[in-house]
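A.B. asks: Pasting in a structure now, in structure tokens, and then I'll have a few things to ask.
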Amino acid sequence: MKKGVKVEDIGKPSGQLAHVDVQDLPPFISASPYDNPANVPPWKPLTDRAKQEYEATLDDTIALNIPKPKTREEEQELVRRFLSGLEKLFSRENNWAFLQPLILSVEHCARCQTCIESCHIYEMSGRNDLYRPTFRSEVLRRLYFKYLKPGGRFFRKWQHGDIDLNWTTIARLIELSYRCNLCRRCAQTCAIGVDNGLIAHELRKLFSQEMGIHPKELHTKGSVLQLRVGSSTGMNPVVAKDNIEFIDEDTAERTGIPIETPWDKEGADILLIHNAGEILARPEDHGAFATILQAAGISWTLSSESQEALGYDVINYGLFYDDVMMIKVAVKHAKAAAKLKVKKIVLGECGHAHKALTTIADRILTGDLNIPRESAMTLLHDIVFSGKIAFDPSRNDFPVTLHDPCNLVRLMGIVEPQRRILRHTCPRFREMTPHGVDNYCCGGGSGFAIMSSHNFEDWRMQIAGRKKMDQILNAFKEEPDPSIKKYVCAPCSNCKGQIRDLSNYYHLWEKCGIHFGGLVELIVNAMKDAKPGYLEWPG
Amino acid sequence: MNGAVLLHLLTYTSVLTFVAAVAFRFYRIASMPLHLRWEIYPVAHETGEKARYGGSVLEEVDWWTKPRRKSLINELKATILEMIFLVALFRHNRKLWYWSFPFHFGLYLLVLLLGLLILGSIRIGPGIPVIQLSGLEFFLLFLTKITALLGLVLATLGAAELLLWRLTSEELRDYTPPAAIFNLLFFLVVFAVAWANFLFVDSDFVLSRAYIRSLLTFNLSVPAGHPLLALEIVLTGLLIAYIPLTHMSHFFIKWFTYHKILWDDEPNIPNSSIEKKILEQVQYPVTWAAPHIKADGKKNWADIAGEEIDP
């Protein structure tokens, strides 16, 4: 691992700024199959073609495809657009939504580096300086003071350090803004309250909103597709309804409880909105929701709105990179609820959607659009402890641990409902260390779970997801035998996606007997009225 | 203009600069637009069990119908403990806390010393020998001396170690601009002169009290009484004026970062002042240039939010 990368190096055209050597990464816990390097997949190098076509001098991967400039004018144009965006990022009109927290974080960091130890990416990269949460913030800070504040360049250099602004600086900074999960664990530890996660978020916004640079998975295939057809999965309402109908039938067969998902029921108490990826990738998620809500006698509905409003896909990837896209989507979610005149929106198992629609959009939605939003965790907790459904916890008699999605837990304070349910329905539930608001990100946060271009997946699995992988192995260290079935409960679609990828990458099921899924499946699996075996294990 | 007058004017200017810089920064930050919610849990004003594990009102079904419970005591407790003991640093960077805490606590004591000197300059008459002081006056002098000694020991030790740490730590090398070294050296020089005064010039603070009395009564002709004390007054004045002009203004900025961002979980209730502010702010014009934003400088945030994307 190349260490000792200096902040000012970012602007010095050179070879690769930092290198990741898998051999230098922190080892997984002993007595796991991953003690043996042969069980750890090799990191695929970037192809020569990718290196020739795109900016690839930051580290060993590429998250975005930033084409290399062909002329000096193109280079200068990028710098000009960046400076224009920088000015807007710090303007009242263009960034009222985050101006105060941004300025406080940029102007008041004591540069004590306390936060770096809290970052799973820094720690699990073998403490590579490039991945300090402070590195990209320091670059922005120096540029801010050099180009936006008065005082003369010499004085600002003395006060804050030096930095060059050129194509290389910007291209690397764009990539570097996508080496952070935005989990904000670093902000939790700062004595001053400086938020380096926010700075990464704001940089992404500058690149997207001013320069039109964003990962295609989040923008074109994410927000744009969702706004065009109703869902980032590409499902239109007809396909969504077909899929749900199939899920209802399949679930009824498995549980012995007939269910019928209501669509567009005006005046229902609850509009349930899933991450539509669950409908396609994990149909048991919706099947379980429908079974539970029906058994509890809840008045609920799904919405098939896909144009003027968005009713059946709760994702809001704008949260990760673009305020405008985030606001457009949030407003359309609220419109779907307003049209059906429901009493509240309940967010399915999707962490970022929870935060986007509940807390972030709280200061966007006004008037009739300010419809109450609630987490499925609290509703499920209410149902499980209402006595309306009888449970047989012995059906969940296998080791279970809980992953805390950052958006749901650290950033919204929804900590206990899901664990009370697990303690009630899973006799062998155990916590990860640390957990609750001190949790670690799964490594797929901020959109990474759906980003896999070039060899980005290797970076995501080997570095960003390494801490979670280690936590999962630790939670089950007393039962290493792969014949003992173990379950990681991750009540968030993106987290499930990341844990699925970790599972596939490291063969967690085959080598350790570790499977993953949501909370609702465990609830239905323990329902006395349902046929046993709702939970399906791989293999 | 003689030296005494100049010294007084410098002191007044320093204090005014301090007050003006703090007021300006405070106003600048406070008058920024209402930001979106960006809290992090645990939030200090939560109550009961939630305060222990970092829960929020969002854990409750139909949370918007429940009475909002906030604990001022919990918030004050967290704030005061953080201010005095630097709890976050203690938890997350113990090595640094060992030096940062003495430095900051030492500074608090030196601020207290200033308060005691002001009190002393009012309570203790000029030129009275220590032996003739009343019991209360003697106690005040004793307290002043102890505060000065403890404050100087802790602040000097802390500043020296912080400087050493900045200069030698591999971890900090790239994150220590020249100004960070200058700031700590500035403190150390001020403390060194203060030590010299305390040990050799004005152990009983007779001259200091006289100078403060002259400041309070606008009697500008009273001299500092000793060149070393005059130097201390000049340096301390410059330091006081300098602090709020730098990132060291975090001594009050923390109030915003904690109370107005990390702990700000105030929901937007219909017809509330929050809603009113949002309705104002969505009228701000947008000039972001990326094509998908479709901004033209005339459209505002409300227009852009409601606009369909290109097919």
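The values are calculated or read from the model by the stated rules, or taken from the named source; none is laboratory data. All of these numbers come straight from a predicted model, not from anything done at the bench. Heads up, the Cβs are rebuilt from the backbone with ideal geometry, glycines too, and the neighbour counts pull from every protein chain shown. For accessibility, only protein heavy atoms count, side chains too; no ligands or nucleic acids. Shrake-Rupley method; radii C 1.70, N 1.55, O 1.52, S 1.80 Å.
A.B. asks: Taking the conditions exactly as written (in a helix (DSSP H, G or I) and touching a residue at least 40 places away in the same chain (Cβ under 8 Å)), does residue B:8 satisfy them or not?
C.D. replies: The answer is yes for residue B:8.
Each row is one residue, and each column tells you yes or no for (1) part of a helix (DSSP H, G or I); (2) of a type outside the set (Asp, Glu).
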residue	(1), (2)
A:215	no, yes
A:225	yes, yes
A:234	no, yes
A:242	yes, no
A:265	no, yes
A:288	yes, yes
A:297	no, yes
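A.B. asks: If residue A:356 passes every condition in (1) without any contact (Cβ under 8 Å) to a residue 60 or more places away in the chain; (2) facing chain B (nearest Cβ under 7 Å); (3) in a helix (DSSP H, G or I) but one, which one does it miss?
C.D. replies: Residue A:356 satisfies every listed condition except (2).
A.B. asks: If a residue must be of a type outside the set (Phe, Trp, Tyr), assigned to a loop (DSSP other than H, G, I, E, B) and closer than 13 Å to residue B:8 by Cα, how many such residues does region B:197-224 contain?
C.D. replies: 7
A.B. asks: Return the residues of region A:242-253 that are farther than 13 Å from residue A:290 by Cα and open to solvent by less than 50 Å² (accessible area, probe 1.4 Å); say none if nothing qualifies.
C.D. replies: Of region A:242-253, the ones farther than 13 Å from residue A:290 by Cα are A:242-243, A:253.
Residue satisfying the conditions is A:243 alone.
A.B. asks: Looking at A:189, A:134 in this structure, which one is surrounded by fewer than 24 Cβ atoms within 10 Å (Cβ to Cβ), touching a Cys at 6+ places or on another chain (Cβ under 8 Å) and at the interface with chain B (Cβ under 10 Å from one of its Cβ atoms)?
C.D. replies: So the residue among A:189, A:134 that is surrounded by fewer than 24 Cβ atoms within 10 Å (Cβ to Cβ), touching a Cys at 6+ places or on another chain (Cβ under 8 Å) and at the interface with chain B (Cβ under 10 Å from one of its Cβ atoms) is A:189.
A.B. asks: Hey, residue B:225 hits all of (1) modelled with pLDDT under 95; (2) within 9 Å of chain A (Cβ to nearest Cβ) but one; which does it fall short on?
C.D. replies: It fails just one condition, (2).
A.B. asks: Taking residue B:109 and the conditions (1) touching an Asp or Glu at 6+ places or on another chain (Cβ under 7 Å); (2) assigned to a helix (DSSP H, G or I); (3) open to solvent by less than 70 Å² (accessible area, probe 1.4 Å), which numbered condition does it fall short on, given that it satisfies the others?
C.D. replies: (1)
A.B. asks: Condition test on residue A:295, is it open to solvent by 20 Å² or more (accessible area, probe 1.4 Å), under 21 Å from residue A:518 (Cβ atoms) and not assigned by TED's automatic domain parsing to the domain that holds residue A:178? Don't jump to the end; show me each part of the working.
C.D. replies: Numbers: open to solvent by 20 Å² or more (accessible area, probe 1.4 Å): yes; under 21 Å from residue A:518 (Cβ atoms): yes; not assigned by TED's automatic domain parsing to the domain that holds residue A:178: yes.
So residue A:295 passes the test.
A.B. asks: Return the total of residues in region A:162-191 being closer than 17 Å to residue A:133 by Cβ and part of a loop (DSSP other than H, G, I, E, B).
C.D. replies: 10
A.B. asks: Residue check, residue A:88 against (1) open to solvent by less than 20 Å² (accessible area, probe 1.4 Å); (2) at the interface with chain B (Cβ under 10 Å from one of its Cβ atoms), all met but one. Which one?
C.D. replies: (1)
A.B. asks: Just to be sure before I move on: is residue A:397 of a type in the set (Asp, Glu), buried (at least 21 other Cβ atoms within 10 Å of the Cβ) and not assigned by TED's automatic domain parsing to the domain that holds residue A:359 in the structure I sent?
C.D. replies: Spelling it out, it is not the case that residue A:397 is of a type in the set (Asp, Glu), buried (at least 21 other Cβ atoms within 10 Å of the Cβ) and not assigned by TED's automatic domain parsing to the domain that holds residue A:359.
A.B. asks: Would it be correct to say that residue A:511 is in contact (Cβ under 8 Å) with a residue 40 or more places away in the chain, surrounded by fewer than 24 Cβ atoms within 10 Å (Cβ to Cβ), of a type in the set (Lys, Arg) and not in a loop (DSSP other than H, G, I, E, B)?
C.D. replies: For residue A:511, the condition - in contact (Cβ under 8 Å) with a residue 40 or more places away in the chain, surrounded by fewer than 24 Cβ atoms within 10 Å (Cβ to Cβ), of a type in the set (Lys, Arg) and not in a loop (DSSP other than H, G, I, E, B) - is met.
A.B. asks: List the pairs whose first member sits in region A:59-80 and is within 28 Å of residue A:132 (Cα to Cα), whose second member is of a type in the set (Val, Ile, Thr) and assigned to a loop (DSSP other than H, G, I, E, B), and whose Cβ atoms are under 8 Å apart, counting only residues at least 6 apart or on separate chains?
C.D. replies: A:59/A:20; A:60/A:20; A:64/A:213; A:66/A:213
A.B. asks: Could you look through region B:148-162, keep only residues that are surrounded by fewer than 20 Cβ atoms within 10 Å (Cβ to Cβ) and not small (Gly, Ala, Ser), and pick out the one that is nearest to residue A:108 (Cα to Cα)?
C.D. replies: So in region B:148-162, the residues surrounded by fewer than 20 Cβ atoms within 10 Å (Cβ to Cβ) come out as B:149-150, B:153, B:157, B:160-161.
Of the ones still in play, those that are also not small (Gly, Ala, Ser) are B:149-150, B:153, B:157, B:161.
Values: B:149: 30, B:150: 28, B:153: 27, B:157: 24, B:161: 21 Å.
Ranking the candidates gives B:161 first.
A.B. asks: Could you identify the single residue in B:240, B:278 that is modelled with pLDDT of 95 or more and open to solvent by less than 20 Å² (accessible area, probe 1.4 Å)?
C.D. replies: Of the residues listed, the single one that is modelled with pLDDT of 95 or more and open to solvent by less than 20 Å² (accessible area, probe 1.4 Å) is B:278.
A.B. asks: Can you pull out the residues in region A:62-82 that are within 12 Å of chain B (Cβ to nearest Cβ) and in contact with a helix residue (DSSP H, G or I) (Cβ under 8 Å, 6 or more places away or on another chain)?
C.D. replies: Of everything in region A:62-82, just one residue is within 12 Å of chain B (Cβ to nearest Cβ) and in contact with a helix residue (DSSP H, G or I) (Cβ under 8 Å, 6 or more places away or on another chain), namely A:82.
A.B. asks: For residues in region A:407-427 being surrounded by fewer than 24 Cβ atoms within 10 Å (Cβ to Cβ) and without any contact (Cβ under 8 Å) to a residue 60 or more places away in the chain, which is farthest from the other protein chains (Cβ to nearest Cβ)?
C.D. replies: The qualifying residue farthest from the other protein chains (Cβ to nearest Cβ) is A:427.
A.B. asks: Quick test of your reading of the structure: residue B:133 fulfils all but one of (1) on the phi > 0 side of the Ramachandran plot; (2) open to solvent by less than 40 Å² (accessible area, probe 1.4 Å); (3) away from every other protein chain (no Cβ under 13 Å). Name the failing condition by number.
C.D. replies: (1)
A.B. asks: Related question: Sort out which residues of region A:327-358 are of a type in the set (Lys, Arg) and either in the same structural domain as residue A:492 (by TED's automatic domain parsing) or farther than 25 Å from residue A:284 by Cα (or both), and write them in order of number.
C.D. replies: Once the filter is applied, which keeps residues that are of a type in the set (Lys, Arg) and either in the same structural domain as residue A:492 (by TED's automatic domain parsing) or farther than 25 Å from residue A:284 by Cα (or both), region A:327-358 yields A:328, A:332, A:335, A:339, A:341, A:343.
Yes or no, residue by residue, for (1) more than 18 Å from residue A:401 (Cβ to Cβ); (2) in the same structural domain as residue A:463 (by TED's automatic domain parsing):
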| position | (1), (2) |
| --- | --- |
| A:495 | no, yes |
| A:502 | no, yes |
| A:507 | yes, yes |
| A:510 | yes, yes |
| A:514 | no, yes |
| A:521 | no, yes |
| A:530 | yes, no |
| A:539 | yes, no |
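A.B. asks: Now, a different point. Which of the residues that make up region A:95-131 are outside any helix (DSSP H, G or I), within 21 Å of residue A:434 (Cβ to Cβ) and open to solvent by less than 10 Å² (accessible area, probe 1.4 Å)?
C.D. replies: Answer for region A:95-131, where residues must be outside any helix (DSSP H, G or I), within 21 Å of residue A:434 (Cβ to Cβ) and open to solvent by less than 10 Å² (accessible area, probe 1.4 Å): A:113, A:125.
A.B. asks: Separate question: Can you tell me which residue in region A:280-292 is nearest to the chain's Cα centre (by Cα), limited to those that are open to solvent by 10 Å² or more (accessible area, probe 1.4 Å) and of a type in the set (A, V, I, L, M)?
C.D. replies: Filtering first and then ranking leaves A:281.
A.B. asks: Residues in region A:359-390 that are in contact (Cβ under 8 Å) with a residue 40 or more places away in the chain, within 11 Å of residue B:267 (Cα to Cα) and surrounded by fewer than 21 Cβ atoms within 10 Å (Cβ to Cβ): how many?
C.D. replies: Selection size over region A:359-390: 0.
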